[in-house]
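Have a look at the structure below, then the notes.
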Ligand SMILES: Nc1nc2c(c(=O)[nH]1)N[C@H]1C(S)=C(S)[C@@H](COP(=O)(O)O)O[C@H]1N2
Ligand SMILES: [Mo]
């Protein structure tokens, strides 16, 4: 390889990377994005997922590193493509087309983009060759003409085939009836022990959160003081222990707040303290052993509105001004309208636990079919997408399986990589049914082949189990 191969290669790679980003805004698939999607998908498989996240945590860092890796790979492959195309033009261009296709094929319209990018690459290298060596580049050379023609036909063929394939590809945002990756608090279910008109509404009321008990520095904070502390964002799935199989008392929201550990460090917790006890403005109580608090636990005061991308104060019904988020546990362990945090050496049995519900309230793995709906009437021979969500409470999800025959046989659905550890995940399975009646079922499979619990159980006392099942008629 010559120095000019590096120069031109990096130059073209960078140019296509930048221009491609602009074209992406116009709807042209961006191969770098495809590369990134594949890398993150690969990182999303449980073994890698666990490794990466034990190294980099669950925040944005792992994601950003993956993108940097994709960009680097993209830049470094171009000098080799350039070198190959300079030595043997048709072969080099074919290789280039292959690299672009391999990067972009996961995206809708990816094959078309691959053809387009390869054409630009070919254009640049031909122009450069003509400039530097008019004799070699002479298009009068019949062999060259032939090979370029073949290549052109190949590129067009690839693009057309891609169009056909694209029809079969999953575009998550377009699946009607499927719940989005992130819902806003306006769509999140609401549950409380109080009749709605007795729920606390602390808007415009004086508010102070007290942190005391077995601590060396008890303190209290107003809302503005809480908001002034360093904040973090947390994608976290809220779900109620009373959610029935297939129910909608579940939703994944991006929250903002102060890590619980920030507050505990500030209070300087004494060694005797073993439990945190929460109290709320409606006299709701709960507690959790300090040793069981996940590092992501937070005092939330805002949630993202997915339409605007803006964070908004918690709605009164979701706990304004602050609430606790305790990933991995059901909603009952996450008090709203929080008024007091007490460090204690004794556990307090929470409001619902006093009434027979689980004390630990650890989330049980669930999955739900969002579309089609129960008793839907479908058209024979017409393709539809069976799709829904699954949530494990933070344990790695290996795959989701769908049965179209009432549980006799199972097939693997496509699984969208998780947004974060405590995010629910979308899954989808394209299906072209024949005439008949069908019983659809879904189940999640956790890492280590742990099947979702199939035993049908009522929500009380530990949360429902059993597979979401529905019937559809195809005519
Ligand atoms: N103060 C208070 N917090 C509470 C409750 C309550 O009744 N009072 N209900 C809990 C239950 S059972 C659930 S499922 C979640 C629901 O939170 P959401 O209404 O914001 O979805 O809040 C929890 N926090
Ligand atoms: Mo709940």
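The values are calculated or read from the model by the stated rules, or taken from the named source; none is laboratory data. Source: prediction; values computed, not measured. As a convention, Cβ positions derive from the backbone with ideal geometry for all residues, glycine included, and neighbour counts pool all protein chains shown.
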Scan of region 263-281 for residues that are within 30 Å of residue 307 (Cβ to Cβ) and surrounded by fewer than 21 Cβ atoms within 10 Å (Cβ to Cβ), ordered by number: 281
Region 190-199, subset part of a loop (DSSP other than H, G, I, E, B) and farther than 10 Å from residue 317 by Cβ, residue nearest to ligand 1 (Cβ to nearest atom): 193
May I ask you to list the residues in region 231-245 that are closer than 12 Å to residue 298 by Cα and away from ligand 1 (no atom under 13 Å from the Cβ)? 231, 232, 233, 234, 235
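Hey, among 417, 327, which residue is outside any strand (DSSP E or B) and in contact with a helix residue (DSSP H, G or I) (Cβ under 6 Å, 6 or more places away or on another chain)?
417
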Does region 212-230 contain at least one residue that is crowded, with 16+ Cβ neighbours inside 10 Å and within 14 Å of ligand 1 (Cβ to nearest atom)? no
Subset of region 235-282 [closer than 18 Å to residue 358 by Cα, in a loop (DSSP other than H, G, I, E, B) and within 14 Å of ligand 2 (Cβ to nearest atom)]: 240, 241, 242, 243, 244, 249
Restricting attention to region 343-351, does a residue exist that is within 11 Å of ligand 1 (Cβ to nearest atom) and either modelled with pLDDT under 95 or touching a strand residue (DSSP E or B) at 6+ places or on another chain (Cβ under 9 Å) (or both)? yes
Please find, within region 303-324, the residue that is nearest to residue 202 (Cα to Cα) out of those that are within 13 Å of ligand 1 (Cβ to nearest atom) and either without any contact (Cβ under 8 Å) to a residue 12 or more places away in the chain or part of a strand (DSSP E or B) (or both). 323
Considering 321, 372, which residue is buried (at least 19 other Cβ atoms within 10 Å of the Cβ), assigned by TED's automatic domain parsing to the domain that holds residue 395 and in contact with a strand residue (DSSP E or B) (Cβ under 7 Å, 6 or more places away or on another chain)? 372
For residue 338: the one exception among (1) farther than 24 Å from residue 365 by Cα; (2) more than 9 Å from ligand 1 (Cβ to nearest atom); (3) over 26 Å from the mean Cα position of the chain (by Cα): (2)
Quick count over region 434-470, residues being assigned to a loop (DSSP other than H, G, I, E, B) and surrounded by fewer than 18 Cβ atoms within 10 Å (Cβ to Cβ), is 13
Going by the structure shown, is residue 142 over 25 Å from residue 7 (Cβ atoms), at pLDDT 90 or above and surrounded by fewer than 17 Cβ atoms within 10 Å (Cβ to Cβ)? no
